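Worksheet: one structure, shown below.
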Amino acid sequence: MSPSAKSLFIIAATLIVGGLVGAFTTAAVNNHRMEQLGAMRYQEGFIHAAEAVIVPTDEAQRERLRPVLQHAAARRAALWHTYRTERRVLLDSMREELAPLLTEEQRQRLRRWCGGDPKGPSK
């Protein structure tokens, strides 16, 4: 193998390995972020995330922060429930308005896209 071919092989291998490492690292970071967001759906997850940002100086401060964070977490959960309910009402009314204008196949795709079909969104 000539020196130039070896150089090209080394450069190509380095680029491939670097791309793979980058892809796996990105996937790992995204999975971690999704887990954090998923945990924040629950009150304890929200409180834990807030404490991680604040970093209480000691246990006494943590105990003083806890009631405020618990109240905020409860209000956040109530807002999320309200949002989900209103979102469902909005999407259902939109589907009803659009139904006469669409074919059956289009209605099915819209139902899946709006979350009204267990098969999930259609591509």
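Contact map, region 73-85: residues that are touching a residue at least 24 places away in the same chain (Cβ under 8 Å) and under 15 Å from MET40 (Cβ atoms) paired with residues that are part of a helix (DSSP H, G or I) and aliphatic (A, V, I, L, M), Cβ distance under 7 Å, separation 6+ or inter-chain. Pairs shown: ALA73/ILE47.
The single residue among ARG111, ARG88, ARG107 that is surrounded by 12 or more Cβ atoms within 10 Å (Cβ to Cβ) and in contact with an Asp or Glu (Cβ under 7 Å, 6 or more places away or on another chain) turns out to be ARG111. Of the residues screened, LEU101 is one that is of a type in the set (A, V, I, L, M) and exposed (fewer than 10 other Cβ atoms within 10 Å of the Cβ).
Computed from the coordinates by the stated procedures, all read-outs in this text should not be read as laboratory data. What you are looking at is a predicted structure, and each value in this text was computed from that prediction instead of being measured. Cβ coordinates were reconstructed from backbone atoms using ideal geometry, including for glycine residues, and neighbour counts include every protein chain displayed.
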